[in-house]
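Down below is the structure, laid out as structure tokens.
Readers should treat all values here as calculations from the given coordinates under stated rules, not as data from a laboratory. None of the values given here were measured: they were computed from a predicted structure. FYI the Cβ positions are ideal-geometry reconstructions off the backbone, even for glycines, and counts take in every protein chain you see.
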Amino acid sequence: MNVALIGCSGMGVHHAGHATKAGFKIVACGDAIKERAVELASQYGADATTDCLSLCKRDDVDVVAVLTPTPFHTEYVVAAAEAGKNIFCEKPFGRTLEQCNTGIAAAEKAGVKLFVGHVVRYFQEFETIKAQIDAGKVGKVGFVRTYRGGICPVGAGNWFRDWDMSGGVTMDTIIHDFDWIRYVFGDPAQVFSQNLREQFDKAIDYAMVTFRMKSGIIVNTIGTWAHPGGFRVKVEVCGDNGMLQFDSSEAPLSVMMRETASGMPGMIVPGSPVGVSPYELEWHDFKNWLDGKGRPRVTPQDGVWAVRMALAALESADTGKPVAFN
Ligand SMILES: NC(=O)c1ccc[n+]([C@@H]2O[C@H](COP(=O)([O-])OP(=O)(O)OC[C@H]3O[C@@H](n4cnc5c(N)ncnc54)[C@H](O)[C@@H]3O)[C@@H](O)[C@H]2O)c1
């Protein structure tokens, strides 16, 4: 199955390798910056272009992978859907709910398969925690705490530092946790959030987000882009029979540097000590779906819900008031 990648830096480089390992072939690489498309394409014997919309229409492309900065996802999701291609879209699915709904409507109208890359569902550590909870090992869960972050990522043209583009640590980084929390504990009822973005330079962000889930469980999620280096993930789940804990700085979770096309450190993506990367597992899950073997772990509606949770958290931080989910 042939893949066209749109966005050839951080996640483009990352996914090219993992999609290939999962059995896909990279046939075309598109990027707004020609050198980035050329550099990645040359590693896979693929074609390179800056005309990413035309790339969606190529006859030899089965899957379009949308790996650009978040606000541009929808344009390519719609173009790929209209060209009848299946779609792998990085998280966040869109920057706004309107974008998400436009993307879903285009995929449904075209009858194509749309996968949103909420990779935390594929981290074995998180899957193990979920399995323990589902098996009742800690009893009835009452409180959950998650923590994720490190440096503020750089990205092409420093787009992560542009709040309107990235939505800061809340929309870009702890959206991973929002998705996982909903996957494990069901829909949220209400959120209250505070963050530091107005008080510091935009290269720094720190958010504390508290959800009350419809089940009554309280979840506190912290996200940081305030560290001088490193990347750390923590989870604590408290139930009436016991507690589950995971801390990436204590467990043998590897950390790898992701390089930008210019060779400068751009962002740190968490790795995993197990044999198959969770990013590769995403592609296997997507491929099984394309091959008609079951449904993937993440649905497009899950992608919309995660954006909804992030937007509600940002609204709460802006207004100083809790936001209810209807
Ligand atoms: N799942 C994860 O662990 C994870 C980690 C990092 C980033 N992400 C997400 O992946 C997406 C990409 O992030 P990144 O870190 O790779 O960013 P990046 O800045 O490193 O790479 C983005 C690439 O897209 C190109 N680009 C920018 N605008 C474009 C446009 N309109 N059309 C075509 N190409 C364009 C840039 O030139 C750049 O090469 C974001 O949505 C981000 O939130 C996910």
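List of remarks:
- The chain - mean residue ellipticity at 222 nm from DSSP helices (-39,500 (n - 2.57) per run, n ≥ 4, rounded to 500): -10500 deg cm²/dmol
- By the count of other C-beta atoms within 10 Å, a proxy for reagent exposure, Leu314, Leu97 are ordered fewest to most as Leu97, Leu314.
- In order along the range 293-299, phi translates into HN-Hα couplings of 10, x, 9, x, 5, 10, 9 Hz, rounded to whole numbers, per the Karplus curve 6.51 cos²θ - 1.76 cosθ + 1.60 with θ = phi - 60° and x for Gly and Pro.
- Shown here for the range 60-92: GluC sites (Glu not before Pro) in loop regions (DSSP other than H, G, I, E, B) with at most 11 other Cβ atoms within 10 Å, of which there are none.
- Volume per residue of the convex hull around the Cα atoms, evaluated for the chain, comes out as 126 Å³.
- For the range 184-245, applying the loop criterion from DSSP together with a ceiling of 15 other beta carbons within 10 Å to the chymotrypsin sites (Phe, Trp or Tyr not before Pro) yields Phe200.
- Gaussian network model of the chain, springs between alpha carbon atoms under 10 Å - residue of Ala156, Ala22, Ala131 with greatest fluctuation: Ala131
- Helix 175-185 vs. the chain, principal-axis angle (Cα, 0 to 90°, nearest 10): 60 degrees
- Fewest-first ordering of Leu311, Leu244 by other beta carbons within 10 Å of each residue's beta carbon gives Leu244, Leu311.
- Based on C-alpha pairs under 8 angstrom that are at least 6 apart in sequence, the chain has a relative contact order of 19 percent.
- Net charge dipole, the range 2-117: roughly 240 debye, given to the nearest 20, about the Cα centre with Cβ charges of +1 for Lys and Arg and -1 for Asp and Glu.
- Remark on Leu114: its backbone amide H falls under 5 Å from those of Ile87, a criterion applied only to residues 5 or more positions apart or on other chains, H modelled at 1.01 Å from N.
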